[in-house]
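Here is the structure we will look at, set down as structure tokens.
The values are calculated or read from the model by the stated rules, or taken from the named source; none is laboratory data. Quantities reported herein were computed from a predicted structural model and do not represent experimental measurements. Neighbour counts run over all protein chains shown; Cβ positions are idealised from the backbone, glycine included.
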Amino acid sequence: MKYAGGKTRLVPELVARLPARFGRYFEPFAGGAALFFRLAPERAVLGDSNADLIAMYAALATRVDAVIRHLRRHRDRHGEAHYLATRARWNARAGDAADRAAMLLYLNKTCFNGLWRVNRAGEHNVPFGRYPAFEPDASNLRAAAAALAQAELRAGDFQAALYDARAGDLVYVDSPYDGTFGAYTTAGFGDAHQAELAFVVRTLAARGVMVMASNADTPRVRALYAGLRLDVVTCGRAISCDGGKRGAVDEVIVTAGYEPGGPPARETSTQRPAMRAPQRRTHAQ
């Protein structure tokens with residue numbers, strides 16, 4: 001998947017900070033799941049609030065050959081008219097699991113700027129991207145299917161994905177970044193969600209769960225994770241509606257509950273303040 005905020009370029013920095021051993025691997029904001037596919041862990045839980053994304057991964061795990069056949073049909077019919085017709089079918093909730101998985105992948109690979117975005121009605125509304133026909137890589141898709149077959153897939157918020165994380169497990173948290181695009185689903189991800197997530201990270205670490213999180217390097221993120229190890233890294237941003245905003249940006253990698261293997265990239269904070277529960281949010285927030 002091409003995903004705004006995808007971690008393909010950040011994976012080397014993340015791998016360098018992994019613990020030497022861990023139990024189950026949890027990724028509650030799966031998105032493009034770049035780190036999961038890099039590790040291909042034997043025991044994993046992948047979660048995301050985008051139920052369509054989780055359904056696509058489930059279809060790959062169980063019906064990868066059917067997904068490949070549908071993708072080849074999209075390749076053969078590719079063009080703006082076919083793209084718009086496919087987008088209309090997708091928004092009408094047409095097709096079985098394998099058909100919808102292929103539609104999601106095709107739309108993602110050929111829409112403008114490779115951006116998956118939905119409106120308040122939950123409809124994909126990104127225009128045609130005028131890219132060449134998407135050629136499905138069957139061997140890559142089958143490798144992804146093999147990795148996904150080892151994972152439990154959970155559609156829901158991040159707490160639903162993490163409810164049974166135990167001491168010795170590893171959680172990688174890649175939420176929508178503070179102050180950036182968050183319209184992957186109709187729910188969004190705002191300030192109150194960021195505060196709630198930071199509290200959950202601290203709670204998990206206090207239970208012996210090893211947690212790694214990535215986020216934007218902003219004053220809010222530094223305040224929310226103050227006292228935990230914060231490594232500042234520079235990473236390229238591949239997707240932006242404004243071409244001038246693509247390029248190298250500073251991000252932070254937070255680690256809690258363990259000492260990462262690599263040294264901090266530029267700076268580290270080690271003081272541990274008391275934990276506070278975030279304010280309860282309402283639907284309006």
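Being outside the structural domain of GLY129 (by TED's automatic domain parsing), touching a Phe, Trp or Tyr at 6+ places or on another chain (Cβ under 7 Å), in a helix (DSSP H, G or I) and over 18 Å from GLU135 (Cα atoms) is true for just one of LEU35, LEU84. Which residue is that?
The match here is LEU35.
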Q) Got a sec? Which of ALA20, ALA94 is more than 21 Å from the chain's Cα centre (by Cα), without any contact (Cβ under 8 Å) to a residue 12 or more places away in the chain and in a loop (DSSP other than H, G, I, E, B)? A) ALA94
Q.
For the stretch 101-138, which positions are in contact (Cβ under 8 Å) with a residue 40 or more places away in the chain and assigned to a helix (DSSP H, G or I)?
A. ALA101, LEU104, LEU105, ASN108, LYS109, ASN113, GLY114, ALA138
Q | Conditions (1) among the aliphatic types (A, V, I, L, M); (2) under 22 Å from TYR172 (Cβ atoms); (3) surrounded by 20 or more Cβ atoms within 10 Å (Cβ to Cβ); (4) not assigned by TED's automatic domain parsing to the domain that holds LEU230; number of the one not met by ALA102 | A | (2)
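Quick grid of which residues meet (1) over 19 Å from the mean Cα position of the chain (by Cα); (2) among the aliphatic types (A, V, I, L, M); (3) surrounded by 14 or more Cβ atoms within 10 Å (Cβ to Cβ); (4) closer than 23 Å to ALA51 by Cβ:
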| residue | (1), (2), (3), (4) |
| --- | --- |
| ARG117 | no, no, yes, yes |
| ARG120 | yes, no, no, yes |
| PHE128 | yes, no, yes, no |
| PRO132 | yes, no, no, no |
| GLU135 | yes, no, no, no |
| SER139 | yes, no, no, no |
| ALA160 | no, yes, no, yes |
| ARG166 | yes, no, no, no |
Q. If you take the residues of the stretch 184-207 that are part of a loop (DSSP other than H, G, I, E, B) and surrounded by fewer than 17 Cβ atoms within 10 Å (Cβ to Cβ), which of them is modelled with the lowest pLDDT?
A. THR186
(Q) Could you list, ordered by first residue, the pairs with Cβ atoms under 7 Å in which the first is in the stretch 222-234 and farther than 17 Å from VAL11 by Cα and the second is surrounded by fewer than 20 Cβ atoms within 10 Å (Cβ to Cβ) and among the basic types (Lys, Arg), at least 6 apart or interchain? (A) GLY227/ARG272
**Q.** Single condition ALA155 does not satisfy, out of (1) touching a helix residue (DSSP H, G or I) at 6+ places or on another chain (Cβ under 8 Å); (2) within 25 Å of LEU107 (Cβ to Cβ); (3) buried (at least 22 other Cβ atoms within 10 Å of the Cβ)
**A.** (3)
Q.
Can you find a residue that is closer than 20 Å to ALA121 by Cβ, crowded, with 22+ Cβ neighbours inside 10 Å, among the hydroxyl-bearing types (Ser, Thr, Tyr) and in contact (Cβ under 8 Å) with a residue 40 or more places away in the chain anywhere in the stretch 25-32?
A. no
Q. Going through the stretch 39-68 one residue at a time, which ones are surrounded by 15 or more Cβ atoms within 10 Å (Cβ to Cβ) and of a type in the set (Lys, Arg)?
A. ARG63
Q. Can you name every residue in the stretch 44-57 that is touching a helix residue (DSSP H, G or I) at 6+ places or on another chain (Cβ under 7 Å) and in a helix (DSSP H, G or I)?
A. ASP52, ALA55, MET56, TYR57
Q. Does VAL173 meet the test of being of a type in the set (A, V, I, L, M) and either modelled with pLDDT under 95 or within 30 Å of MET103 (Cα to Cα) (or both)?
A. yes
